[in-house]
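What follows is a single structure, written as structure tokens, with notes after it.
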Amino acid sequence: DVVMTQTPVSLSVSLGGQVSISCRSSQSLVHNNGNTYLSWYLQKPGQSPQLLIYKVSNRFSGISDRFSGSGSGTDFTLKISRVEPDDLGVYYCGQGTQYPDTFGAGTKLELK
Amino acid sequence: EVQLVESGGGLVQPGRSLKLSCAASGFTFSNYYMAWVRQAPKKGLEWVATISTSGSRTYYPDSVKGRFTISRDNAKSSLYLQMNSLKSEDTATYYCARRDGYNWFAYWGQGTLVTVSS
């Protein structure tokens, strides 16, 4: 199985600040078809996860351009700029390149 | 608006069975792969099962293979998860999710809690 390692485990940020979350996979996430199926999800307190980014850098419908994804192969990053109160929660990366789908353990974003 | 509404969770004894349902609306259900993802209390996300558009192909991780069965009824826009031989480690909130591009979870339901305990 592909192991997804997220760092840091938690992050404190001031409103209006910028943060980066790292996600590293134990194997390359490049699919045989050339696509890289790395996604980012946010789970706000008491809510279901929601999709933010798919295929490394594509923002899902309705997601602010303050969220950006980058990376390739085994190393990926989610950047959040101008952090707002509604951005707080736990962020997960996930891979869908090979079964079983696997997720990182999560990064908790809190207010400083 | 895409909506996924799970039901069927509850308290069940170890070794017993439970069937979860997910009612989908707001999109053409038969056009999408669907999946179940679970989250144990205070833990991360774990993929549980995926089913193809017609239901002819299903996929499971080793942790539930042979015990869980995913199915769908496209006429009713409904997704199901039959869970047999339940164990305490199956205790979790189970989310129904629409799987877009075959490879990411675009929409999630609100979840239904399954507690396996004697």
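The values are calculated or read from the model by the stated rules, or taken from the named source; none is laboratory data. It should be emphasised that the depicted structure is a prediction, and the values quoted were computed from it without experimental measurement. When we count neighbours, we look across all protein chains shown, and the Cβ atoms used for this are built from the backbone with ideal geometry, even at glycine. To get the accessible areas, we keep the full protein, side chains included, count just its heavy atoms, and leave off ligands, DNA and RNA. Shrake-Rupley method; radii C 1.70, N 1.55, O 1.52, S 1.80 Å.
Consider A:Val30 against the criteria (1) open to solvent by 40 Å² or more (accessible area, probe 1.4 Å); (2) over 11 Å from the mean Cα position of the chain (by Cα); (3) closer than 24 Å to B:Gly111 by Cα: it satisfies all of them except one. Which criterion is unmet?
(3)
Counting only residues that are without any contact (Cβ under 8 Å) to a residue 40 or more places away in the chain and away from chain B (no Cβ under 12 Å), give me the strands (runs of 3 or more DSSP E) lying completely in the range A:18-72 with at least 3 of them.
Values: elements: A:19-25, A:38-43, A:49-54, A:67-72.
Fully inside the range A:18-72 and qualifying: A:67-72.
Would you call A:Leu52 open to solvent by less than 50 Å² (accessible area, probe 1.4 Å), aliphatic (A, V, I, L, M) and more than 14 Å from B:Trp104 (Cα to Cα)?
no
Out of curiosity, is B:Ala24 touching a Phe, Trp or Tyr at 6+ places or on another chain (Cβ under 7 Å), farther than 22 Å from B:Val12 by Cα and open to solvent by less than 60 Å² (accessible area, probe 1.4 Å)? So that I can check it myself, show each step before the final result.
Details: touching a Phe, Trp or Tyr at 6+ places or on another chain (Cβ under 7 Å): no; farther than 22 Å from B:Val12 by Cα: yes; open to solvent by less than 60 Å² (accessible area, probe 1.4 Å): yes.
Answer is no for this residue.
Please find, among A:Lys79, A:Lys112, the residue that is modelled with pLDDT under 95 and away from every other protein chain (no Cβ under 14 Å). First the steps, then the outcome.
Numbers: A:Lys79 fails: modelled with pLDDT under 95.
One residue alone meets the criteria, A:Lys112.
Filter the range A:73-96 down to residues that are open to solvent by 50 Å² or more (accessible area, probe 1.4 Å) and in a loop (DSSP other than H, G, I, E, B) and give me whichever is nearest to B:Tyr107 (Cα to Cα).
So the first thing to find is which residues in the range A:73-96 are open to solvent by 50 Å² or more (accessible area, probe 1.4 Å), and the list is A:75, A:79, A:82, A:84-86.
If we keep only those that are in a loop (DSSP other than H, G, I, E, B) as well, we get A:82, A:84.
Working: A:Arg82: 25, A:Glu84: 23 Å.
So the residue we want is A:Glu84.
Every residue in the range B:79-99 that is more than 14 Å from chain A (Cβ to nearest Cβ), within 14 Å of B:Trp47 (Cα to Cα) and hydrophobic (A, V, I, L, M, F, W, C), please.
Answer for the range B:79-99, where residues must be more than 14 Å from chain A (Cβ to nearest Cβ), within 14 Å of B:Trp47 (Cα to Cα) and hydrophobic (A, V, I, L, M, F, W, C): just B:Leu81.
Quick check: is even one residue across the range B:49-60 closer than 21 Å to B:Ser117 by Cα, out of contact with any helix residue (DSSP H, G or I) (no Cβ under 6 Å at 6 or more places or on another chain) and of a type in the set (Gly, Ala, Ser)?
The answer is no, given that none of the residues of the range B:49-60 is closer than 21 Å to B:Ser117 by Cα, out of contact with any helix residue (DSSP H, G or I) (no Cβ under 6 Å at 6 or more places or on another chain) and of a type in the set (Gly, Ala, Ser).
Regarding A:Ser14, is this residue surrounded by fewer than 17 Cβ atoms within 10 Å (Cβ to Cβ) and in contact with a Ser or Thr (Cβ under 6 Å, 6 or more places away or on another chain)? Can you show your working first?
Numbers: surrounded by fewer than 17 Cβ atoms within 10 Å (Cβ to Cβ): yes; in contact with a Ser or Thr (Cβ under 6 Å, 6 or more places away or on another chain): no.
No.
Results for (1) within 14 Å of chain A (Cβ to nearest Cβ); (2) farther than 24 Å from A:Cys93 by Cβ; (3) in contact (Cβ under 8 Å) with a residue 40 or more places away in the chain, shown as yes or no for each residue.
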site	(1), (2), (3)
B:Val12	no, yes, yes
B:Phe29	no, yes, yes
B:Ala40	yes, no, yes
B:Ser54	no, yes, no
B:Asp62	yes, no, no
B:Ser77	no, yes, yes
